[in-house]
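Undergrad: Take a look at the following structure, please.
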Amino acid sequence: MNSLDKFDCAILAALQADATLSISGLSEKVGLSSTPCWKRVKRLEEEGYIESRVSIVNRQKVGLPVTVFVSVRTSEHDEKWLERFASAVTALPEVLEFHRMSGDVDYLLKVVTTDIDGYDRFYKKLIKTAQLTGVSSAFSMEQIKSTTALPLELISHGLPA
């Protein structure tokens, strides 16, 4: 269980929307004075609720318009194999997300690249990383929703329902 109250959640929601807010701007948004707000932000950082503050770069504008979801199957399931595979895959810069899955697919990767040729180059690097029994690619035709903001309104923060 987390130890977030309504002010903590308000701070996190505001920072998810705009991480460039000054402490005075943030404190005004959440209804706290600057010092208590600053102390809460520091605590949220120290306790790992805030992992980092980043800028979201437009993929299209920088020339990485292609998103591919890559399903990977393997017959290898021992710890050593996973360590080697995970290390190799996390080193591939095209991989934005890497998940171990339940069900028919063992791993799912979210990959961004320049074009079909860029994906082919990625695919050739991927299949060199480990013994795989299957790799299936699904190209995103259109991104309908994308957010990095967690739905904090779904969690209880010590308030009665």
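The values are calculated or read from the model by the stated rules, or taken from the named source; none is laboratory data. Model, not experiment: these values are computed from the prediction. Virtual Cβ from ideal backbone geometry, glycine too; neighbours counted across all protein chains shown.
Undergrad: Go through the range 6-31 and give me each residue that's surrounded by fewer than 20 Cβ atoms within 10 Å (Cβ to Cβ), of a type in the set (Gly, Ala, Ser) and in a helix (DSSP H, G or I).
TA: Correct list: ALA13, ALA14, ALA17, SER24, GLY25.
Undergrad: Would you confirm whether any residue within the range 29-47 is modelled with pLDDT of 95 or more and touching a Pro at 6+ places or on another chain (Cβ under 9 Å)?
TA: Scanning the range 29-47, I find no residue that is modelled with pLDDT of 95 or more and touching a Pro at 6+ places or on another chain (Cβ under 9 Å), so the answer is no.
Undergrad: Please determine whether any residue of the range 78-96 is more than 30 Å from GLY134 (Cα to Cα) and either in contact with a His (Cβ under 8 Å, 6 or more places away or on another chain) or touching a residue at least 24 places away in the same chain (Cβ under 8 Å) (or both).
TA: Just the residues of the range 78-96 that are more than 30 Å from GLY134 (Cα to Cα), to begin with: none.
Within the range 78-96, not a single residue is more than 30 Å from GLY134 (Cα to Cα) and either in contact with a His (Cβ under 8 Å, 6 or more places away or on another chain) or touching a residue at least 24 places away in the same chain (Cβ under 8 Å) (or both).
Undergrad: Select from the range 6-47 the residues that are charged (D, E, K, R) and within 27 Å of SER146 (Cα to Cα) and list them in ascending order.
TA: LYS6, ASP8, ASP18, LYS29, GLU45, GLU47
Undergrad: Give all pairs with beta carbons closer than 7 Å in which a residue from the range 98-127 that is under 24 Å from GLU76 (Cβ atoms) meets a residue that is hydrophobic (A, V, I, L, M, F, W, C) and part of a helix (DSSP H, G or I); count only pairs at least 6 apart in sequence or on separate chains.
TA: Between residues of the range 98-127 that are under 24 Å from GLU76 (Cβ atoms) and residues that are hydrophobic (A, V, I, L, M, F, W, C) and part of a helix (DSSP H, G or I), the close pairs are PHE98/VAL89; LEU109/VAL89; VAL111/PHE122.
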